[in-house]
Structure formats: structure tokens, C-alpha cells
Amino acid sequence: MHGPAMPGWLLMALCAMTGAYCLLRARGRTGEERRAARAEALMGFGMAAMAVPAAVVAPPAWGWVLYTVLFGVAALRALWFSRGSGHHLHHLVGSSAMVYMSVVMARPGAGGHGSHASHAMAAAGGVPLLTGLLLAYYAAYVLRSGARLVPVSAATAGGGAATAGGGAVTAGGPPAGGWGARPELALACRLTMGIAMFAMLLTL
């Protein structure tokens, strides 16, 4: 990032921790829940890699091509699985946003991303209408996720509440299914990635 590196490091740490927790969730899930957790882990780690300050690691030109291909495949996968689950539509939007930002940064004159160089991102520029639509989507998603997180956290804190995976929450400890089964942590991770994506899009 051309400027203070601290925001980039914080963004990278948050996204990396989110990706790691999603992998933890995937280990204890099956079927649709596992696919969703894996998709969110890929998004978290991909965003963490993009957020590394450019002063530390300047991405090579082929790196943006790799991002484009990787998240293009992820978008197609999300589109396929969205037939059975509406939540994959959100994964489709996220993967498409990653492809969009990668294409913008692959253009001549662009040197990095949000924390990989916010000034270069601004210089490269994107399609204002598309950027605005994505910003509006993620702003609404963050607000909705935050609103959903409050009642879930309250219910979990009360003890004995059922988790999304069907495990009972025990008072003073993790649910029967382990930390990967805590619904409020899954929502918090999605909220974190939504905020991070919004921050990255602001630099376009």
C-alpha cells in the first residue's frame, strides 16, 4: 500500500483468520455446508493475499491473471451450485467481484490492490457503475449480516440454543459440534469478509 501499511496488515490478518475458521468449519460439515465453508475459505485467503502491503510483496503481473482464473473458476462453481442453494449466489457475487478487481489491476499502469497499492488502484480505475453496484450490494450485505448477528449471539449466550448444524450449545463452552459449529462465528466471518470486500472496492 502506498501510504500507511497498518490498514493493509489488519485487513490481511482479518481475512486470513476468517479463511482459517472457514476451513475449520469445513472439517466438521458435510455436503452443502462443507461446499459453502470451502468457498468462504477460498475467498478469505484470496482477499488476505490481495491485502498484503505492496511495500512488502509487490505482486507480479502474472499474479493478477492467476487471481482472475482462480476466481473465475470459483464463480462458475458457485453458479452451478446456486441451483440447490441461494447462498451460493452470494459466493457468485464475491468471486465475480474478485475477478473484476483483478482485471482492473492487470491493466497497464496499475500496480497493486487496496492494500497492494490503493493509489495505483485509484489510478487504474474501474467501471463506475459496476463498482457502485458492488458497493451497494456489500453495504446492504454488511448491514443485513450485522442485524442477523445480534439475535444469534443473544440466543447462543442464553445456552441450550440449537446451532445451524443442529448441535446444542452448552452454557459456558462451545457447542456439541465444536467451535466450527458456532453459528454466530460463521456469521461474524461473513460479516468480516463483507466489510473487507467493501473496503477493497472503495479503492477502485
Would you kindly derive the ³J(HN,Hα) couplings of the stretch 18-28 from the backbone phi angles with the Karplus curve 6.51 cos²θ - 1.76 cosθ + 1.60 (θ = phi - 60°), listing them in order in whole Hz, with x for Gly and Pro? 5, x, 5, 5, 5, 5, 4, 5, 5, 5, x
For a quick size check, give me the Cα extents of the stretch 1-106 along its three principal axes, largest first, whole Å. 43, 26, 18
Rough spin-label spacing in nm, given labels placed 7 Å along Cα→Cβ, for Val65 and Ala136: 3.6
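Throughout, read-outs are computed from the coordinates displayed, never taken from laboratory work. For clarity, every value in this text was computed on a predicted model and none was experimentally measured. Neighbour counts are summed over all protein chains in view; Cβ atoms, including those assigned to glycine, are modelled from backbone coordinates with ideal geometry.
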